């Protein structure tokens, strides 16, 4: 009987250590989650900044396409991150909105590549993306809840 209790106690301790080492509850710490969100935001912002620095119409379209891929990759990477406890809904919204933003960027690039649109491309001096606004609203909401992250910049 004493051996069974000892083995049971050892198993319980091993299980508790395993859960602690694995994170156990499926949540990141707030500090770790903040770091993940900041890195994601910075990657998206860098891709958008590259669009603004385009020197030709072809480069503009190529950089919009590149940004679409980057934003989609960021959404995929964030989808693999465990959010901090209490941030599950915002996390899901951010992932979903990043994927929607990626599609919006890709659609814009496709439109700009359309030969029927090519004549007006030289007259474009700014672009606006609805999902850029949506991402920023989510980032602002996270900031209000204690995740220190800046919104995407205007470029």
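The values are calculated or read from the model by the stated rules, or taken from the named source; none is laboratory data. Since the structure is predicted, the reported quantities are computational estimates derived from the model, not experimental observations. A quick note on method: Cβ atoms are made from the backbone with ideal geometry, for glycine too, and the neighbour counts reach across all protein chains shown.
Some observations on this one:
- Evaluating residue 88 against the criteria (1) surrounded by 18 or more Cβ atoms within 10 Å (Cβ to Cβ); (2) over 18 Å from residue 39 (Cβ atoms) leaves one unmet condition, (1).
- The set of residues in segment 55-78 that are farther than 15 Å from residue 113 by Cα and not in a helix (DSSP H, G or I) contains only 55.
- Residue in segment 62-74 that is at pLDDT below 95 and surrounded by 13 or more Cβ atoms within 10 Å (Cβ to Cβ) present: no
- Figure legend. Inter-residue proximity from segment 57-80: first residues on the phi > 0 side of the Ramachandran plot and touching a residue at least 24 places away in the same chain (Cβ under 8 Å), second residues assigned to a helix (DSSP H, G or I) and exposed (fewer than 15 other Cβ atoms within 10 Å of the Cβ), beta-carbon distance below 8 Å, spacing 6+ or different chains. No pairs are indicated.
Let's see how each residue does on (1) more than 16 Å from the chain's Cα centre (by Cα); (2) surrounded by 15 or more Cβ atoms within 10 Å (Cβ to Cβ); (3) in a helix (DSSP H, G or I); (4) touching a residue at least 24 places away in the same chain (Cβ under 8 Å):
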| site | (1), (2), (3), (4) |
| --- | --- |
| 104 | no, yes, yes, yes |
| 108 | yes, yes, yes, yes |
| 112 | yes, yes, yes, yes |
| 116 | yes, no, no, no |
| 123 | yes, no, no, no |
| 127 | yes, yes, no, yes |
| 132 | no, yes, yes, yes |
| 135 | no, yes, yes, yes |
| 140 | no, no, yes, no |
